[in-house]
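The values are calculated or read from the model by the stated rules, or taken from the named source; none is laboratory data. Quick caveat: nothing in here was measured; it's all calculated off a predicted structure. Here the Cβ is made from the backbone with ideal geometry for all residues, glycine too, and neighbour counts use every protein chain on show.
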Amino acid sequence: MDVVALLGIVSACLVVAAGTAITAWRVDVLARSGGGTDDFFWVAFGGVVVVAGAGVVAAALGGLWAAAATAAVAVTVAAGWVWRRERARRQEAVVAARTIAWSGLLGRHDTVARHWADYDLDPAKAIDHPEMHDPSHPAARRVVHALRDAETERDAGSGSPTGQPGELAAYTEAVLRAEHVFAEAEREVGVLRTTRVARHRDGPGRA
């Protein structure tokens, strides 16, 4: 094998490696931007044409096995790189979704706790409905227990963005239960009935 043929084979192998790497990079770009099936097809088709063409040149110069080995290594490395990038993107998407869900649950939890505290901090509410903070009243006890359970799940980090995927359900269930128990407690002590009476006294056209 003369020097010209050797240089040609080496050049063809470099084209195979470069073509595979560029194709993998373009596939990754399409994956990030949400490309369609046709986009992936044409990128892959272009890469195959370049790699196959370089392989034909290498084979013609007597370097078929060199080109084949280069293609096998390049494709394996490129496929692994694309797979790792895609997995990282999916993990980031999961964390982002969990962060949004976690933030929403924190807000709902805080809303229930704040509304319940109003029955102790707001003099008018404290006078109208002292049962809401009476430890001996069943409705108040249920609210306290539900809020305590929600706080336990929150402090344990259940469902936080860095936690396990299934842990979000525990905090979600605790917050939903706190909302339900608080609403039931208001109905039980007559908060909604008192509100309707007050609005009726103010008249239909007044706030």
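Does GLU151 satisfy being on the phi < 0 side of the Ramachandran plot, modelled with pLDDT of 85 or more and not basic (Lys, Arg)? Give the steps one after another, and end with the answer.
Details: on the phi < 0 side of the Ramachandran plot: yes; modelled with pLDDT of 85 or more: yes; not basic (Lys, Arg): yes.
Taking the combined requirement at face value, the residue satisfies it.
Could you tell me whether segment 94-112 includes any residue that is touching a helix residue (DSSP H, G or I) at 6+ places or on another chain (Cβ under 6 Å) and β-branched (Val, Ile, Thr)? Yes, the conditions are met somewhere in segment 94-112. If you filter segment 172-196 down to residues that are among the polar types (S, T, N, Q) and more than 20 Å from the chain's Cα centre (by Cα), you find that the one that is modelled with the lowest pLDDT is THR195.
Yes/no per residue for (1) among the charged types (D, E, K, R); (2) out of contact with any Ser or Thr (no Cβ under 6 Å at 6 or more places or on another chain); (3) farther than 16 Å from THR20 by Cα:
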position	(1), (2), (3)
ASP38	yes, yes, yes
GLY53	no, yes, no
ALA68	no, yes, no
ALA72	no, yes, no
ARG90	yes, yes, yes
ALA97	no, yes, yes
LEU106	no, yes, yes
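Can you name the residue in segment 2-37 that is surrounded by 12 or more Cβ atoms within 10 Å (Cβ to Cβ) and among the hydroxyl-bearing types (Ser, Thr, Tyr) and is also farthest from THR76 (Cα to Cα) among such residues? Filtering segment 2-37 for residues that are surrounded by 12 or more Cβ atoms within 10 Å (Cβ to Cβ) and among the hydroxyl-bearing types (Ser, Thr, Tyr), the one farthest from THR76 (Cα to Cα) comes out as SER11.
Looking only at segment 34-43, decide whether some residue is more than 35 Å from the chain's Cα centre (by Cα), of a type in the set (A, V, I, L, M) and in a helix (DSSP H, G or I). Among the residues of segment 34-43, not one is more than 35 Å from the chain's Cα centre (by Cα), of a type in the set (A, V, I, L, M) and in a helix (DSSP H, G or I), which makes the answer no. Residues in segment 111-121 that are out of contact with any Asp or Glu (no Cβ under 9 Å at 6 or more places or on another chain) and surrounded by 12 or more Cβ atoms within 10 Å (Cβ to Cβ) were compared, and the one that is nearest to GLU186 (Cα to Cα) is TRP116. Could you tell me whether segment 135-148 includes any residue that is touching a Lys or Arg at 6+ places or on another chain (Cβ under 9 Å), surrounded by fewer than 18 Cβ atoms within 10 Å (Cβ to Cβ) and at pLDDT below 90? Looking through segment 135-148, at least one residue is touching a Lys or Arg at 6+ places or on another chain (Cβ under 9 Å), surrounded by fewer than 18 Cβ atoms within 10 Å (Cβ to Cβ) and at pLDDT below 90.
Annotation for segment 160-171: at least one member residue is surrounded by fewer than 14 Cβ atoms within 10 Å (Cβ to Cβ), at pLDDT 80 or above and not basic (Lys, Arg).
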